[in-house]
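The values are calculated or read from the model by the stated rules, or taken from the named source; none is laboratory data. All values derive from a computational prediction rather than experimental measurement. Cβ: placed from backbone, ideal geometry, glycine included. Neighbour counts: every protein chain shown. Please note that ligands, DNA and RNA were not included when accessible areas were found on the heavy atoms of the full protein model with its side chains. Shrake-Rupley method; radii C 1.70, N 1.55, O 1.52, S 1.80 Å.
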Amino acid sequence: MAAPTLDTLDQQLIDLLSRDARVSNRKIAAELGVTEGTVRGRIKRLQQDGLIAFTAITGFEMAKRARLAFINVQADVDKVREVARAIADIPQVNAVLITMGQFNITAMCLVDELDALVEIASDQILTIKGVHHVETSIAVKTIKYNARMAKITRPMEVVDED
């Protein structure tokens, strides 16, 4: 399967939507100098290709007592992807990252109680075949959190059609 490519218009469209996903197709079309139908078609294609998605992002305030927890995992090098997929299958885990350094996997989740973190880290992740060591940490104060940090800005290849 070929990697999707984005032309300049796709990139401009994504940039506008990343600032305000509620902006009308008509306004986008006027700003980019294209028809509303072009905007509608591009958005539909980008969604179908899995390059953009629209969702409501909640702040930590919505989580009441929940705390952001990080679970750092040391796994066998030859089993990292397999272990990461197994961790990703745990419903309470919100993100799984393959990393470099002392730990080769980091999982993130929101927990209300320490018991929940122990259950995820020790009872579930530590029992996965190939996992050697698990360390946890909890964010106690959030100084800055940008929910848009994972937005699509320059994926794979950008192609100009000029």
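Per-residue SASA remark: T127, around 100 Å² accessible (1.4 Å probe; ligands, DNA and RNA not included).
Qualifying trypsin sites (Lys or Arg not before Pro) in the stretch 3-33, where qualification requires a DSSP coil assignment and no more than 13 other C-beta atoms within 10 Å, comprise R22.
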